[in-house]
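Inspection log for the structure reproduced underneath, given as structure tokens.
The values are calculated or read from the model by the stated rules, or taken from the named source; none is laboratory data. Every value quoted in this text rests on a predicted model; they were computed, and no experiment measured them. Don't worry about glycine lacking a Cβ; one is built from the backbone with ideal geometry, like all the others, and counts go over all protein chains shown.
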Amino acid sequence: MDYRTLGRSPLKVSPICLGGNVFGWTVDERTSFSILDAWLDAGFNFVDTADVYSRWVPGHTGGESETIIGKWLKAGGKRDRVIIATKVGMDMGDGKVGLKPAYIRQAVEDSLRRLQTDRIDLYQAHQDDESTPLEETLEAFGALVKQGKVRVIGASNYSAPRLNEALEISRKHGLPRYESLQPLYNLYDRAVFEQELEPLCRRHNVGVMNFYALAAGFLTGKYRSPADTAKSARGEKTVEKYLNPRGLRILSALDTVAARTRSKPGQVAIAWLLARPSVTAPIASASSLAQLAEIEAALRIKVSAEDIRLLDQASAQ
């Protein structure tokens, strides 16, 4: 396994990160355990979740994913083999939202309890909180690092100007800096990241662990007509956003490369991301062992320069 350094941090992570958003949502506890076990057994070590997963499900309050991962960690004794990333800042209800220091101090204890661990390897600001000065947020994160509750901090859903400002504040005041960025980025959703965020991350050696690596499943090729909306809980939204002439052009290019490499479209989409010098570890979720095996196999695909050009041209905006 070719482990990669996350930013300037000491964290060595596998080149693909397993998304934990499905645990407790579309994947039950038993299946989640089997997926996590198989992930580690295959040599991967990086798992991403968030306190808010899966609050959007009727009857859920948030913390469901962290709770399942925590039970798995406790039952399996595998804590030292896995890099756990989680996030804070999304609305958890009852005023629990944002990145004010007092809330961060409360939220980290809640996440540690659910995860049944004494430290979080990568603690991320889930979204920017412009109502709180960046320095205050970074100082709060810095205190957690000093206490040993958090090893490294990262950002998610930050704009380039705000990420740049946060990095400058950390440099000026000797505070821990955001070593990673978690942006929306895939073969379809390219423009926002590539225009400003990608050059910034490369310039400052900020690791990138992009979410929606498969565009909510669209890049696997399972949504090719409006009739395919019934294939998943989020099928309707996926089809509405991605099923258009450009989306179909991308699927056609993925099909071409998949045929040449004897692989599947979703694997090619991940291989394209792995070939980007700015990307440390794309995040991909699996709801079954079969899906997990497909994700793992993406590492073995050899995409040529010609393949990359074809995919780049098909996805150009």
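Can you tell me which residues in the range 138-170 are closer than 21 Å to LEU197 by Cα and either more than 19 Å from the chain's Cα centre (by Cα) or part of a helix (DSSP H, G or I) (or both)?
Within the range 138-170, LEU138, ALA160, PRO161, ARG162, LEU163, ASN164, GLU165, ALA166, LEU167, GLU168, ILE169, SER170 meet the criteria.
Within the range 91-110, can one find any residue that is surrounded by fewer than 24 Cβ atoms within 10 Å (Cβ to Cβ) and closer than 29 Å to ILE295 by Cα?
No: zero hits.
Yes or no, residue by residue, for (1) of a type in the set (Val, Ile, Thr); (2) touching a Pro at 6+ places or on another chain (Cβ under 8 Å); (3) closer than 19 Å to ASP189 by Cβ; (4) assigned to a helix (DSSP H, G or I):
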{"position": "LYS222", "(1), (2), (3), (4)": "no, no, yes, no"}
{"position": "VAL239", "(1), (2), (3), (4)": "yes, yes, yes, yes"}
{"position": "ILE250", "(1), (2), (3), (4)": "yes, no, yes, yes"}
{"position": "VAL268", "(1), (2), (3), (4)": "yes, no, yes, yes"}
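Can you name the residue in the range 214-225 that is hydroxyl-bearing (Ser, Thr, Tyr) and within 29 Å of PHE46 (Cα to Cα) and is also nearest to the chain's Cα centre (by Cα) among such residues? Even if it seems obvious, please write down each step before you answer.
Initially, the range 214-225 is screened for residues hydroxyl-bearing (Ser, Thr, Tyr), giving 220, 223, 225.
In the following step, the residues that additionally are within 29 Å of PHE46 (Cα to Cα) were identified as 220, 223.
Values: THR220: 17, TYR223: 22 Å.
The residue in question is THR220.
Any idea how many residues of the range 259-285 are surrounded by 21 or more Cβ atoms within 10 Å (Cβ to Cβ) and either under 26 Å from THR49 (Cβ atoms) or in contact with a helix residue (DSSP H, G or I) (Cβ under 6 Å, 6 or more places away or on another chain) (or both)? Walk me through it before giving the result.
Keep residues of the range 259-285 that are surrounded by 21 or more Cβ atoms within 10 Å (Cβ to Cβ), which gives 263, 265-273, 279-285.
Filter again for either under 26 Å from THR49 (Cβ atoms) or in contact with a helix residue (DSSP H, G or I) (Cβ under 6 Å, 6 or more places away or on another chain) (or both), leaving 265-273, 279-285.
Residues in the range 259-285 being surrounded by 21 or more Cβ atoms within 10 Å (Cβ to Cβ) and either under 26 Å from THR49 (Cβ atoms) or in contact with a helix residue (DSSP H, G or I) (Cβ under 6 Å, 6 or more places away or on another chain) (or both): 16 in total.
Looking only at the range 226-252, filter to residues that are over 21 Å from GLN317 (Cβ atoms) and at pLDDT 80 or above; which one of those is farthest from the chain's Cα centre (by Cα)? Even if it seems obvious, please write down each step before you answer.
Filtering the range 226-252 down to residues over 21 Å from GLN317 (Cβ atoms) leaves 226-236.
Filter again for at pLDDT 80 or above, leaving 226, 236.
Values: PRO226: 27, GLU236: 22 Å.
That would be PRO226.
Kindly check whether there is at least one residue in the range 202-213 that is within 19 Å of the chain's Cα centre (by Cα), among the aromatic types (Phe, Trp, Tyr) and part of a strand (DSSP E or B). First the steps, then the outcome.
We begin by selecting, within the range 202-213, every residue within 19 Å of the chain's Cα centre (by Cα); these are 202, 205-213.
Cutting the leftovers down to among the aromatic types (Phe, Trp, Tyr) gives us 211-212.
Then keep just the ones that are part of a strand (DSSP E or B); that gives 211.
Yes, the conditions are met somewhere in the range 202-213.
Going residue by residue through the range 177-188, is there one that turns out to be part of a helix (DSSP H, G or I), touching a residue at least 12 places away in the same chain (Cβ under 8 Å) and not hydroxyl-bearing (Ser, Thr, Tyr)? Step through it out loud before you land on a result.
Taking the range 177-188 and keeping what is part of a helix (DSSP H, G or I), we get none.
The answer is no, given that none of the residues of the range 177-188 is part of a helix (DSSP H, G or I), touching a residue at least 12 places away in the same chain (Cβ under 8 Å) and not hydroxyl-bearing (Ser, Thr, Tyr).
If only one of ASP48, ASP41, ASP28 is under 25 Å from LEU167 (Cα atoms) and modelled with pLDDT of 95 or more, which one is it? Explain how you work it out, then say what you get.
Numbers: ASP41 fails: under 25 Å from LEU167 (Cα atoms); ASP28 fails: under 25 Å from LEU167 (Cα atoms).
Sole residue among the options that is under 25 Å from LEU167 (Cα atoms) and modelled with pLDDT of 95 or more: ASP48.
Within the range 274-292, work out how many residues are within 14 Å of THR220 (Cβ to Cβ) and either in contact (Cβ under 8 Å) with a residue 40 or more places away in the chain or of a type in the set (Val, Ile, Thr) (or both).
Here is the first cut: in the range 274-292, the ones within 14 Å of THR220 (Cβ to Cβ) are 282, 284-288, 290-292.
From what's left, either in contact (Cβ under 8 Å) with a residue 40 or more places away in the chain or of a type in the set (Val, Ile, Thr) (or both): 282, 284-288, 292.
Matching residues across the range 274-292 total 7.
Where residues in the range 302-317 are outside any helix (DSSP H, G or I) and modelled with pLDDT of 95 or more, which of them is surrounded by the most Cβ atoms within 10 Å (Cβ to Cβ)?
As a first pass, look at the range 302-317 and keep what is outside any helix (DSSP H, G or I): 302-304, 316-317.
Checking the rest, the ones that are also modelled with pLDDT of 95 or more come to 303-304.
Details: VAL303: 20, SER304: 12.
Ranking the candidates gives VAL303 first.
Consider only pairs whose beta carbons are under 6 Å apart and that are at least six residues apart or on different chains; among these, list those whose first residue lies in the range 229-257 and is closer than 20 Å to GLU306 by Cα and whose second residue is surrounded by 16 or more Cβ atoms within 10 Å (Cβ to Cβ) and among the acidic types (Asp, Glu).
The qualifying pairs are VAL257/ASP307.
Hydrophobic (A, V, I, L, M, F, W, C) and either under 18 Å from ALA316 (Cα atoms) or not in a helix (DSSP H, G or I) (or both), is that true of ALA290? Step through it out loud before you land on a result.
Numbers: hydrophobic (A, V, I, L, M, F, W, C): yes; either under 18 Å from ALA316 (Cα atoms) or not in a helix (DSSP H, G or I) (or both): no.
No: the conditions fail for ALA290.
Quick check on THR49: is it closer than 24 Å to ILE153 by Cα, touching a strand residue (DSSP E or B) at 6+ places or on another chain (Cβ under 6 Å) and among the hydroxyl-bearing types (Ser, Thr, Tyr)?
Numbers: closer than 24 Å to ILE153 by Cα: yes; touching a strand residue (DSSP E or B) at 6+ places or on another chain (Cβ under 6 Å): yes; among the hydroxyl-bearing types (Ser, Thr, Tyr): yes.
Taking the combined requirement at face value, the residue satisfies it.
Within the range 157-187, how many residues are of a type outside the set (D, E, K, R) and either over 29 Å from LEU214 (Cβ atoms) or in contact with a Lys or Arg (Cβ under 6 Å, 6 or more places away or on another chain) (or both)? I'd like the intermediate steps shown before the answer.
So in the range 157-187, the residues of a type outside the set (D, E, K, R) come out as 157-161, 163-164, 166-167, 169-170, 173-176, 178, 180-187.
Going one step further and asking which of them are either over 29 Å from LEU214 (Cβ atoms) or in contact with a Lys or Arg (Cβ under 6 Å, 6 or more places away or on another chain) (or both), we end up with 167, 169-170, 173-176.
Residues flagged as of a type outside the set (D, E, K, R) and either over 29 Å from LEU214 (Cβ atoms) or in contact with a Lys or Arg (Cβ under 6 Å, 6 or more places away or on another chain) (or both) within the range 157-187 amount to 7.
With respect to ARG260, determine if the residue is over 30 Å from GLU139 (Cβ atoms), outside any loop (DSSP other than H, G, I, E, B) and not β-branched (Val, Ile, Thr).
Here the answer is yes, as ARG260 does meet what is asked.
Output the qualifying pairs, or none if there are none: Cβ atoms under 6 angstrom, residues six or more apart or on different chains, first residue in the range 112-126 and surrounded by 20 or more Cβ atoms within 10 Å (Cβ to Cβ), second residue of a type in the set (Ser, Thr, Tyr).
Close Cβ pairs satisfying both conditions: ARG114/THR67; ILE120/THR86; GLN124/SER156; HIS126/SER156.
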